[in-house]
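Report on one structure; see the data block that follows.
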Amino acid sequence: MDPITLTGRVVTLREFRADDAAAVLCVVGDERVTRWLSFDSRDAAGAAAMVDRAITRAQMAPRTEYYLAVTILPDGELVGFVRLGLDGVRAAKLGYAVAADHWGRGYAGDAARVLVQFGFQDLGLHRISAAIGPNNEASIRVAKRLGMSYEGRIRDHVYTNGTWRDSLLYSVLEHEWPPTTDSGE
């Protein structure tokens, strides 16, 4: 498959490159960000390994994951990542993260919206879900703006930062897309 590039209102999603490791470290090396994710903070070697794995998985056939860099327009600065992990028949799990210094600018919402659109329109998905930490109000707002419905709580779903954490499960189905009130983030 050809490399993916998707453009939203304020972000562009693209495949990771080997030289993205330093920018990724600004996201995954920051505890302000990783406190909301399903993994602990990474060091420089961990960030580089993460990028290498994303590049390798992007070349798999069939592709089981779309893990893309979130860059901002117009200069292309990498500020985060977004992921669709295909998990079953026409289903995927959505995840996203943006560097703390770029929070509140609509980047996560735009990136997630663009990737969900790609999932339904180009990949022919039927269902996309997101598991979100109960205290991550910003991410819950993104899920709701995507038209996702709350399905319930997954108890002790993620072990991160030395403790078990519940997740709130949200999903959107293909016939519910696009949401009627998409106001961005």
(Q) Please list, in order along the stretch 21-31, the HN-Hα scalar couplings obtained from phi with the Karplus expression 6.51 cos²θ - 1.76 cosθ + 1.60 (θ = phi - 60°), rounded to whole Hz, x for Gly and Pro. (A) 4, 5, 5, 5, 4, 5, 8, 7, x, 9, 5
(Q) How large are Rg and Dmax for the chain when calculated on the C-alpha trace, in angstrom? (A) 15.3, 43
Q. Given R₀ = 35 Å, FRET efficiency for Asp166-Asp30 by Cβ-Cβ distance, to 0.05?
A. 0.95
Q) With every protein chain left in place, what is the accessible area per residue of the stretch 1-108 in square angstrom, probe 1.4 Å? A) 51 Å²
(Q) Limiting things to C-alpha atoms, what are the Rg and the maximum Cα-Cα separation (Dmax) for the stretch 60-170, in angstroms? (A) 14.2, 41
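Rounded to the nearest 0.05, what FRET efficiency do His126 and Ser149 have when you use their Cβ-Cβ distance and R0 = 25 Å? Walk me through the numbers before you get to the answer.
On the way: r = 14 Å, r/R0 = 0.57.
The pair His126/Ser149 has a calculated efficiency of 0.95.
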Q) Residue by residue, what Karplus-based ³J(HN,Hα) values in Hz, rounded to whole numbers, does the stretch 100-110 have, using 6.51, -1.76 and 1.60 with θ = phi - 60° and x for Gly and Pro? A) 4, 5, 10, 5, x, 10, x, 5, 5, x, 5
Q) Per-residue HN-Hα couplings for the stretch 48-54, Karplus 6.51 cos²θ - 1.76 cosθ + 1.60 at θ = phi - 60°, whole Hz, x for Gly and Pro? A) 5, 5, 4, 5, 4, 5, 5
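How much length is gained on full extension from Asp19 to Ala138, taking 0.36 nm per residue of separation minus their Cα-Cα distance?
Additional length available on full extension: 39.9 nm.
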(Q) Against the empirical 2.2 N^0.38 Å scaling, what ratio does the C-alpha Rg of the stretch 1-89 come to? (A) 1.08
Q | Simple spin-label estimate for Gln117 and Met60 in nanometres, 7 Å along Cα-Cβ | A | 2.7 nm
**Q.** Of the trypsin sites (Lys or Arg not before Pro) in the stretch 105-185, those whose Cβ has at most 16 other Cβ within 10 Å and which sit in DSSP loop
**A.** Arg105
Q | Highest-MSF residue in the chain out of Ala112, Ala47, Ala22 [GNM, Cα springs under 10 Å] | A | Ala22
Q) Carbon-plus-sulfur fraction of the accessible area of the chain, 1.4 Å probe, in percent? A) 51 percent
Q.
Just want the answer: with Cβ charges of +1 for Lys and Arg and -1 for Asp and Glu, which residue in Gly133, His175, Tyr159 is farthest toward the dipole's positive end in the stretch 88-185?
A. Tyr159
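Take the Cβ-Cβ distance between Arg90 and Thr7 as r, set R0 to 25 Å, and report the resulting FRET efficiency rounded to the nearest 0.05. Walk me through the numbers before you get to the answer.
Numbers: r = 25 Å, r/R0 = 0.99.
Computed FRET efficiency for Arg90 and Thr7 comes out at 0.50.
Tell me the relative contact order for the chain as a rounded percent, counting alpha carbon contacts under 8 Å between residues six or more apart. Working shown, then result.
Working: 369 pairs, mean separation 35.9, N = 185.
Rounded, it is 19 percent for the chain.
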Q: Rounding to the nearest 20 debye, state how big the charge dipole of the chain is about its Cα centre with +1 on each Lys and Arg Cβ and -1 on each Asp and Glu Cβ.
A: 400 debye
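The values are calculated or read from the model by the stated rules, or taken from the named source; none is laboratory data. The model shown is predicted, which means the values in this text are computed figures rather than measured ones. Neighbour counts run over all protein chains shown; Cβ positions are idealised from the backbone, glycine included. Heavy atoms of the whole protein, side chains included, go into the accessibility calculation; ligands, DNA and RNA do not. Shrake-Rupley method; radii C 1.70, N 1.55, O 1.52, S 1.80 Å.
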